[in-house]
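I have placed the structure first, in the form of structure tokens, so that the comments after it can refer back to it.
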Amino acid sequence: MNDTTSTAMTKTDRPALTPAFNRRWVLADRPTGREVRESDFALDTQPIPGLRDGEFLVRTLYLSVAPVMRQYMLQGGAGERPLQFGEVMRGRGVGVVVASRNPRFAPGEFVQGKLGWQEYSVSDGSPYFMMYKIEQRIAPLSTGIGVLGVTGFTSYLGLMHIGQLQRGDRVLVSGAAGGVGSSVAQIAKHHGASRVVGIAGSAEKCRMLVERLGYDAAIDYRREDLQTRLGELLPEGFDVMFDNVGGETLDTALLHLRMDARVVLCGRISEYLGDEEQPYALRNYQRLHKRYASLRGFFIYRLESMFPQAERAMAEMIHAGALTHAEDVLEGLERMPEALIRLYSGANRGKQLVRVDPQAETYRHHNPWMTV
Ligand SMILES: NC(=O)c1ccc[n+]([C@@H]2O[C@H](COP(=O)([O-])OP(=O)(O)OC[C@H]3O[C@@H](n4cnc5c(N)ncnc54)[C@H](OP(=O)(O)O)[C@@H]3O)[C@@H](O)[C@H]2O)c1
């Protein structure tokens with residue numbers, strides 16, 4: 001959970017300033033028609049190539065996992081082509097520039113971007129890498145792939161821009177205890193929502209939602225009847241639903257729309273393991289008609305021009321003490337496959353990430369790559 005631990009760095013455990021080798025996870029098998037397994041990945045070691053003009057080398061500090069990565073292993077997803085066997089697993093992370101032949105990225109600077117599942121990555125800073133500098137000092141670097149990164153921007157822009165949250169709105173969130181869902185209630189409350197109800201997969205997650213993450217009430221969808229509980233907890237229905245789950249959860253929720261309600265289709269994780277040729281067919285969509293309601297999907301990378309606005313808004317909330325970031329941190333690059341598998345088993349509480357460099361947070365105080 002909120003990880004702000006900083007370990008003192010001693011002379012002997014300093015990282016190599018000019019590394020020679022890179023450990024990386026590559027694709028070894030495709031999870032076709034099944035869940036992801038550890039054996040879908042292979043860990044190998046490769047020499048680090050020399051930098052060409054315009055390139056820089058990043059040492060990975062943290063890596064993020066996201067449900068879409070299973071799609072990368074299959075047919076692509078999020079605008080990316082499918083990975084080939086032996087290719088480095090794709091993914092965002094936070095890192096520090098350790099060598100550079102690019103005038104825009106200097107050694108010692110912290111960045112978040114597409115680093116891949118590896119200890120070192122080479123980038124040319126082109127738009128494909130979506131490489132942003134981390135300049136804030138109000139929150140741990142790990143938040144660069146959490147509340148102050150694409151995950152947080154998804155929560156903020158999904159709710160505010162796509163969901164058009166208004167003061168007084170009643171809000172329903174599915175997948176509420178995950179990376180995206182864990183900040184939605186806090187954003188909603190900060191912007192005037194009158195009531196926020198979350199849906200998650202265990203009693204313990206539901207307690208976390210109410211005690212730590214700003215939710216007024218929570219429903220354990222594995223043990224409680226969703227239809228009954230929605231009637232009890234949102235007797236007049238909801239104005240905005242932030243849906244991370246799709247399938248039956250969404251279908252049941254459609255029975256609880258208020259007039260002019262907006263349903264934000266963020267994700268459909270309950271359907272990702274199903275047959276893509278035969279997606280879940282919504283039975284209750286006609287309710288949209290009767291309630292003048294809308295169902296709107298979005299894809300966060302298409303909103304890239306709004307990231308600075310989202311980052312500012314989320315940073316202001318942290319500054320105001322209105323945003324607790326829930327992080328679930330595994331230690332070590334070796335645990336990347338396990339981290340991805342946890343998203344599908346529901347083991348993660350909050351944003352699932354992996355700390356690749358145990359000293360990640362110390363470099364802000366003791367930055368061995370800073371030359372000026
Ligand atoms: N639109 C976009 O641009 C965009 C961007 C980022 C993410 N997303 C989507 O947003 C959603 C959340 O992503 P995230 O990265 O924050 O992941 P996450 O919510 O941290 O992790 C996934 C969670 O989904 C739940 N889950 C897993 N299988 C499920 C099932 N069969 N039925 C219901 N719930 C299930 C689990 O929680 P429980 O224990 O509660 O079941 C699990 O903890 C995903 O659908 C993702 O694809 C969309």
- Query: Going by how many other Cβ atoms sit within 10 Å of their own, how do Phe238, Phe21 line up, fewest first?
  - Reply: Phe21, Phe238
- Message: Tell me the mean residue ellipticity at 222 nm calculated for the chain from its helices only (DSSP H runs of n ≥ 4, each -39500 (n - 2.57), averaged over every residue, nearest 500).
- Response: -5500 deg cm²/dmol
- Item | Gain upon complete extension [Leu43, Thr228; 0.36 nm per residue less C-alpha separation] | 61.9 nm
- Treat every Asp and Glu Cβ in the chain as -1 and every Lys and Arg Cβ as +1, leave all other atoms uncharged, and give the resulting dipole magnitude about the Cα centre to the nearest 20 debye. 560 debye
- Note on the structure: Full extension between Asp124 and Arg23 adds, at 0.36 nm per residue less the Cα distance, a length in nm of 34.3 nm
- Message: Neighbour counts of other C-beta atoms within 10 Å: give me Tyr132, Tyr120, Tyr280, Tyr292 arranged from fewest to most.
- Response: Tyr292, Tyr280, Tyr132, Tyr120
- Query: Modelled label-to-label distance, Arg167 and Ser294, 7 Å Cα→beta-carbon offset: nm?
  - Reply: 2.2 nm
- Could I have the simple spin-label model distance between Asp260 and Gln278, label points 7 Å from Cα toward Cβ, reported in nm to one decimal? 4.1 nm
- Message: Within the chain, how many Lys pairs that are eight or more residues apart, or on different chains, come under 26 Å at the alpha-carbon?
- Response: 6
- Task: Just grab the label-to-label distance for Tyr301 and Glu211, each label 7 Å out from Cα along the Cβ direction, in nm (one decimal).
- Result: 3.9 nm
- Task: Quick one: Debye curve from the alpha-carbon atoms of the chain only, equal weights, vacuum; give me log10 I(q)/I(0) at q = 0.12, 0.15 Å⁻¹ to two decimals.
- Result: -0.89, -1.33
- Item | Ranked Ser100, Ser126, Ser182, criterion: other C-beta atoms within 10 Å, fewest first | Ser126, Ser100, Ser182
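All of the numbers you see were taken from the coordinates with simple rules; none came from a lab. Everything numeric in this text was worked out from a predicted model, so none of it was measured. Methodologically, a virtual Cβ is constructed for each residue, glycine included, from the backbone with ideal geometry; neighbour enumeration extends over all protein chains shown.
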